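Let me begin by presenting the structure, written as structure tokens, before commenting on it.
The values are calculated or read from the model by the stated rules, or taken from the named source; none is laboratory data. Fair warning: this is a prediction, and the values are worked out from it, not measured in the lab. We place every Cβ from the backbone using ideal geometry, glycine too, and count neighbours over all the protein chains shown. In case anyone asks, the SASA skips ligands and DNA or RNA and just uses the protein heavy atoms, side chains included. Shrake-Rupley method; radii C 1.70, N 1.55, O 1.52, S 1.80 Å.
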Amino acid sequence: AYAWYNPKETHRISDSVERIHLTQTIAQCIADFHNAGLFHGDMHVGNILCDTQDESNISMYWLDNEEGKHYSTLPKSKRIHDLAHILRFTHLVPKNEQKIFWDTYTKHSKLAENEVEKLIQQLMHRTNRFWKKKNIDYSWD
């Protein structure tokens, strides 16, 4: 999944259709993971193994799951924790792909619209604090 956030000049996946499909697949995989009540604990693109049989068939596997836990319903704090970890790299992802990620995640997340808005606000606050500590200038526009 590192190909998702590699800087444009080093994209291993340069075809925009393939990158969009990878972005959607990552987002849907994370939404399905959370919908199943699963918490990863260290969710970042380095812990996602992608097997691309062909452009239309991408299988995703989660690595480094020792912090993981299964809940009957995933607590909001655990969802935020996982998403905040995956978002640490999105400042390197083109804005249009970030929008595709969020549109796909929210479509598949089974969250109500007001829950999505609250989630995004909390994630913005948490990731902005992270980026500020790392001296990374990034905005969510």
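Please list S16, S59, S72, S109 from largest to smallest accessible area, probe radius 1.4 Å, with all protein chains kept in place.
Sorted by accessible area, descending: S72, S16, S59, S109.
Taking θ as phi - 60°, what are the ³J(HN,Hα) couplings along segment 104-115 by the Karplus curve (6.51, -1.76, 1.60), each to the nearest whole Hz, with x for Gly and Pro?
5, 4, 5, 4, 9, 7, 6, 9, 5, 4, 5, 5
If you take the square roots of the eigenvalues of the alpha-carbon gyration tensor of segment 41-100 and sort them as a ≥ b ≥ c, do you get rounded (a/c under 1.5), prolate (a/b over b/c) or oblate?
oblate
If you roll a 1.4 angstrom probe over the protein chains with everything in place, what fraction of the accessible area of segment 32-99 belongs to carbon and sulfur, to the nearest %?
50 percent
Which of rounded, prolate, oblate describes segment 29-139, given a ≥ b ≥ c as roots of the alpha-carbon gyration tensor eigenvalues and a/c under 1.5 marking rounded, otherwise prolate only if a/b is larger than b/c?
The shape class here is rounded.
Distance in nm between label sites at E117 and K76, each 7 Å beyond Cα in the beta-carbon direction?
1.3 nm
Given a 1.4 Å probe, how much area per residue of segment 41-101 is accessible, in Å²?
53 Å²
Using packing as a proxy for protection, rank 111-118, 37-44 so that the peptide with the highest average count of other Cβ atoms within 10 Å comes first.
Most protected by this proxy first, the peptides run 37-44, 111-118.
So for segment 74-131, what percent of the C-alpha to C-alpha distances run longer than 17 Å?
Of the Cα pairs, 35 percent sit more than 17 Å apart.
Sorted by accessible area with a 1.4 angstrom probe, largest first, how do Y61, Y71, Y105 fall?
Y61, Y71, Y105
Between S16 and F130, what is the label-to-label distance in nm when each label sits 7 Å out along the Cα-to-Cβ direction?
Each label point lies 7 Å from its Cα, and together they span 2.8 nm.
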